[in-house]
Amino acid sequence: MTEGTAGGGGAPDPREATDAASFIARLQQLKDWSGLTYRDLSARAEALGDVLPRSTVANMLARSTVPREELLTSFVRACGVAPGELENWLSVRKELAVRGVYAGTGTEEDGDPDADGGGDADGDPDGEEPAGAGATPAWPTAAEVAPGAVSRSEPGAESGDEDGPEDDEPPGPHHRVRRTLVSLVAVSGLVLAAVSVVGALVTDGSGDRPKTVTAPAAGDVQIRAIGPDLCLNERRGGRSGQIHQRPCEGADVPRYALKDLGSGEWRIVSDHPDYGPGCSGIPSGGRIADAAFEDSECGDTSRVETFRLEPFGSPVTGYRIVPARSATPDSCVTVVGDRTAEWAKLAQAPCRADAAGQLFSFDRR
């Protein structure tokens, strides 16, 4: 076995697996033993000349059938297993696959629809379906936090399908009313609709037309920095998960959604076209004062993945993104460096009295 990793003990032995489920459990134990995140595994595999998308690993560990040989090889190599021990994994995998064929348990060699040997709709060369298509994802997708929304991981989703929400108000009464009463009802409805969506109206700092500030609500959003009016996103092709600000038009790497956790806490869910579903967060429990605000896999207990979205000003001029239970108290997600610059980074920083660089709007997609 190659050197050190998470637990300090030996790696799990695949020869202890007696069926596909226990084999998958040992693959999960191997990942835990490696101490690597999905993103780390993808980068390690690439360095070794393999292809291992992080969403593919998540799907593999959520399945009830043994993975294909090429996928298993890439995963085990990325975890740091020596070549001699890799043979043990491949040998056990082959035995379980053959056993599954004769037992009719639906292994990949026995009619598994995901094991057709071709690429999937997202272009994964290993042929795994994206999370949500045929396997239970390891984290919530944007569609789960916003029922009815089209996610990039869903078949048929297109980047141009960004029409506004349909009007779900019921038709007006069928009986006749006086024209003045109709006008009053119409005006009242417009006022109520505006109050439900708009948190406040503020200027953009230059005296130009007012900019709408939208309060947080569950569903698909663009998170816009107040002032520069740039939206949060990653750089396409980057592996760090670092979140920057960029022009809102085309800001869909990833697409964000809010999930209301109750008690005033929220999760910022991401759907990345290359890496699949994930969550925004602060690494290392927020112990590093200027830790990056980044996207990664959900469920990493070492990260802060829940936030309070606190209104600021009266009237409200924006919302702070405050890491919940960060090890560095009184911290806010902040645009650092030149706050007006495209691709400026976001990080955890002390909350400011004037909230400069720390106010956001959660615009509906």
query = Has region 202-219 got any residue that is in a strand (DSSP E or B), modelled with pLDDT under 50 and in the same structural domain as VAL304 (by TED's automatic domain parsing)?
reply = yes
ask   = Does CYS298 count as within 22 Å of SER331 (Cβ to Cβ) and either modelled with pLDDT of 85 or more or part of a loop (DSSP other than H, G, I, E, B) (or both)?
value = yes
inquiry  = For region 7-43, which positions are of a type in the set (Val, Ile, Thr) and under 30 Å from GLY237 (Cβ atoms)?
reply    = THR37
query = So which of VAL66, VAL51 ends up being closer than 20 Å to GLU297 by Cα and either at pLDDT 85 or above or of a type in the set (D, E, K, R) (or both)?
reply = VAL51
task = Considering only region 227-243, state which residues are farther than 14 Å from HIS272 by Cβ and assigned to a strand (DSSP E or B).
result = LEU230, CYS231
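One line per residue, one yes/no per condition, for (1) surrounded by fewer than 19 Cβ atoms within 10 Å (Cβ to Cβ); (2) over 30 Å from GLY281 (Cα atoms); (3) modelled with pLDDT of 85 or more; (4) charged (D, E, K, R):
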{"site": "ALA43", "(1), (2), (3), (4)": "yes, no, yes, no"}
{"site": "ALA62", "(1), (2), (3), (4)": "yes, no, no, no"}
{"site": "THR73", "(1), (2), (3), (4)": "no, yes, yes, no"}
{"site": "CYS79", "(1), (2), (3), (4)": "no, no, yes, no"}
{"site": "LYS94", "(1), (2), (3), (4)": "yes, yes, yes, yes"}
{"site": "ARG99", "(1), (2), (3), (4)": "yes, yes, no, yes"}
{"site": "TYR102", "(1), (2), (3), (4)": "yes, yes, no, no"}
ask   = Can you name every residue in region 244-260 that is in a strand (DSSP E or B) and closer than 14 Å to ASP363 by Cα?
value = ARG255, TYR256, ALA257, LEU258
query = Can you name every residue in region 307-365 that is among the hydrophobic types (A, V, I, L, M, F, W, C) and assigned to a loop (DSSP other than H, G, I, E, B)?
reply = VAL316, ALA324, ALA327, VAL336, ALA341, TRP343, ALA344, CYS351, ALA353, ALA355, ALA356, LEU359
query = Of the residues in region 10-30, how many are farther than 16 Å from VAL98 by Cα, in contact with a Ser or Thr (Cβ under 9 Å, 6 or more places away or on another chain) and surrounded by fewer than 19 Cβ atoms within 10 Å (Cβ to Cβ)?
reply = 1
task = Within region 279-294, identify whether any single residue is closer than 15 Å to CYS351 by Cβ, part of a strand (DSSP E or B) and among the acidic types (Asp, Glu), and answer yes or no.
result = no
message = Please go through region 326-348 and give me each residue that is in contact with a Gly (Cβ under 8 Å, 6 or more places away or on another chain) and either among the aliphatic types (A, V, I, L, M) or more than 15 Å from LYS211 (Cβ to Cβ) (or both), ordered by number.
response = SER326, ALA327, THR328, SER331, THR334, VAL335, VAL336, ARG339, ALA344, LYS345, GLN348
Helices (runs of 4 or more DSSP H) wholly inside region 4-72 containing at least 1 residues that are touching a His at 6+ places or on another chain (Cβ under 8 Å) and not assigned by TED's automatic domain parsing to the domain that holds LEU86 = none
message = Condition (residue is surrounded by fewer than 23 Cβ atoms within 10 Å (Cβ to Cβ), closer than 18 Å to ARG308 by Cα and in contact with a Ser or Thr (Cβ under 6 Å, 6 or more places away or on another chain)) applied to region 238-260: is it met by at least one residue?
response = no
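The values are calculated or read from the model by the stated rules, or taken from the named source; none is laboratory data. Small disclaimer: the values here were computed from a predicted structure and weren't measured. All Cβ positions, glycine included, derive from the backbone under ideal geometry; neighbour counts span all protein chains shown.
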